[in-house]
Amino acid sequence: MDLGGKSFVYPALLNTHDHLRGNYLPRIGPKPGEYYLTWLPWDNDLKASATYAERANLTVDDMYTLSSYKSLFSGVTTVVDHFPHSINQDFLPHLPIRAIQTYTLAHEASSYDLKWGDGIEIEHQRAVANNWPFITHLAEGFDEESMRGLANLERQGVLDRHDLFVHCIGFSDEDIRKTAGAGASISWCPASNMLMFNVTCKIRKFLREGVNVTLGTDSTHSGSANLLAEIHYARELYRQLYGEDLSPQTIFEMVTINAARALHLEDSLGSLDEGKLADILILKGRSDDPYENLASAGMEDIEFLSLAGKPLYGELRFLDLLEGKLPLGYSQITVAGRPMFAIGDPGAFYTQAREKIGFKKTLDFLPFEPGQ
Ligand SMILES: [Fe+2]
């Protein structure tokens, strides 16, 4: 590939926590000056909100397509859709990006969780048998049950390297040490945590204890617009909390190799190595340091993205990787003044979605206007 100037090549990014039927805006949070104690009142507020009612103009299929564009336009080719297989299995195989299907899950580990899957022990056994991750929200709150989330899992004998815990804001220092000792991973979702609880997990302690930390957006109902925005938020928050920088290399690892490890996909994803899949992200070089360049990148800096060697999105100069022209199944849009090819027809999709919604809705993770 001749990049013809100043660009950096990265492994495409992995988002370890999203809910693909929930990427609609604006966000839903507590009343000004108030915060939640657990996720449950947030869920109630969401379902009573105008955002939720407006979202209902789109089909579930539409929501999955929309969410795949949230990933694609932020350089993410691999995402976790935190829902049971029974809910998402009809949608995931048809998306332009990779929403993993090789996982088991629980919703949470509290008595009031949503009882997804076949129960924690069975789901975890299945993860071990298949070398998949067992993924669950955990300690997303400060009531007694949330605080006991990890102890609950430990009692059930499921604490090990297959586990990927999302949020962990109620974790004690002891919980963090146990997570490190078990070789488990966490998905840090700072924007969602701060909106709902005005606090996030003890992220510096997790890093110092050597826990495999990844980054997740959660859905846009509570989190950032996309993973690039979440990276910016994570850096800013870390600086505010600790008065020091979260190194851009650490952030890079969170959204690449650490995430691949957490999903038990490190043999095929997470780095640019021989024998791995060609999930490639090319970004405009704005900084001399490649890590800093990624950590400060926006949607307008993406020059090219591929999934297992298949171009998904990019500047027209990369069309020679296709057939030298726009092939069937691709369309053209304009992002930050540049004509870009994209898989599928996101422009037509945006137009149709707006017709269904009934007005010219702006969705922050779509970096283009249809027809321009
Ligand atoms: Fe979540």
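Here are the numbers for the structure shown:
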quantity: Solvent exposure of the stretch 317-372 as accessible area per residue, Å², 1.4 Å probe; calculated: 52
quantity: Inter-part distance where the stretch 81-121 and the stretch 1-37 are each reduced to a Cα centre, Å; calculated: 19
quantity: Rounded percent of accessible protein surface that carbon and sulfur make up, the stretch 87-191, 1.4 Å probe; calculated: 48
quantity: Residue of Leu215, Leu72, Leu277 that the Gaussian network model of the chain assigns the largest fluctuation, springs spanning Cα pairs under 10 Å; calculated: Leu277
quantity: Stretch gain in nm, segment Asp289-Asp43, where the contour uses 0.36 nm per residue and the Cα spacing is subtracted; calculated: 84.5 nm
quantity: Full-stretch length increase - Tyr242, Tyr35 - with 0.36 nm per residue and alpha-carbon distance subtracted; calculated: 72.3 nm
quantity: Angle in degrees between helix 60-72 and the longest Cα principal axis of the chain, rounded to the nearest 10; calculated: 80
quantity: Alpha-carbon radius of gyration plus Dmax, which is the widest Cα pair, for the stretch 114-272 in Å; calculated: 15.0, 44
quantity: Distance-filtered residues of the stretch 110-126 - backbone nitrogen under 19 Å, label point 7 angstrom along Gln89 Cα→Cβ; calculated: 115-126
quantity: Most mobile listed residue (Tyr52, Tyr112, Tyr36) in the chain, GNM with C-alpha springs under 10 Å; calculated: Tyr112
quantity: Within the stretch 273-372, GluC sites (Glu not before Pro) in DSSP loop having at most 15 other beta-carbon neighbours inside 10 Å; calculated: Glu274, Glu323
quantity: Between 0 and 90°, nearest 10: helix 346-357 axis offset from the chain longest Cα axis; calculated: 60
quantity: Relative counts (whole %) of C-alpha pair distances in the stretch 86-152, using bins that are 5 Å wide; calculated: 3, 17, 22, 21, 18, 11, 6, 2, 0
quantity: Those lysines that a straight Cα-Cα span of less than 28 Å connects to Lys325, excepting residues fewer than 8 apart in one chain; calculated: Lys6, Lys70, Lys276, Lys284, Lys310
quantity: Exposure rank, largest accessible area first [Leu272, Leu307; 1.4 Å]; calculated: Leu272, Leu307
quantity: Sum of side-chain charges, Asp2 neighbourhood, beta-carbon under 12 Å (Lys, Arg +1; Asp, Glu -1); calculated: 0
quantity: Heavy-atom accessible area per residue - the stretch 139-215, 1.4 Å, Å²; calculated: 34
quantity: Debye equation applied to the C-alpha atoms of the stretch 307-372, log10 I(q)/I(0) at 0.13, 0.17 Å⁻¹; calculated: -0.38, -0.62
quantity: Relative contact order for the stretch 17-135, counting Cα pairs under 8 Å that sit 6 or more residues apart, in percent; calculated: 22
quantity: The stretch 214-372: relative contact order as a whole-number percent, Cα under 8 Å and 6+ apart; calculated: 15
quantity: Helix-only mean residue ellipticity at 222 nm for the chain, each DSSP H run of n ≥ 4 adding -39500 (n - 2.57), per residue, nearest 500; calculated: -9000 deg cm²/dmol
quantity: Leu25 paired with Asp267, simple spin-label distance in nm, labels 7 Å along Cα-to-beta-carbon; calculated: 4.0
quantity: Length-normalised contact order for the chain - Cα pairs under 8 Å, 6+ apart - percent; calculated: 19
quantity: Pairwise centroid distance, computed over Cα atoms, of the stretch 308-368 with the stretch 188-233, Å; calculated: 28
quantity: Exposure ranking of Glu230, Glu253, Glu144 by accessible area [1.4 Å probe, largest first]; calculated: Glu144, Glu253, Glu230
quantity: Accessible area expressed per residue, the stretch 249-311, with surrounding protein chains retained (probe 1.4 Å, Å²); calculated: 39
quantity: Tilt relative to the chain, helix 227-242 - C-alpha long axis, 0 to 90 degrees, to 10; calculated: 50
quantity: Point-to-point label distance, Glu300-Asp160, nm (Cα→Cβ direction, 7 Å offset); calculated: 5.0
quantity: Dimensions (Å) - the chain, Cα atoms, principal axes, largest first; calculated: 58, 47, 43
quantity: Pairwise Cα inverse-distance average, inverted: Kirkwood Rh of the stretch 1-153 (Å); calculated: 17.6
quantity: Heavy-atom accessible surface of the stretch 253-372: percent carbon and sulfur, 1.4 Å; calculated: 50
quantity: Rounded to 5, the percent of DSSP beta bridges in the chain classed as antiparallel; calculated: 50
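The values are calculated or read from the model by the stated rules, or taken from the named source; none is laboratory data. Computed from a prediction, not measured in an experiment: that's the story for all the values here. Glycine gets a Cβ as well: all are built from the backbone with ideal geometry, and neighbour counts include every protein chain shown. Note: areas computed on protein heavy atoms with side chains; ligands, DNA, RNA excluded. Shrake-Rupley method; radii C 1.70, N 1.55, O 1.52, S 1.80 Å.
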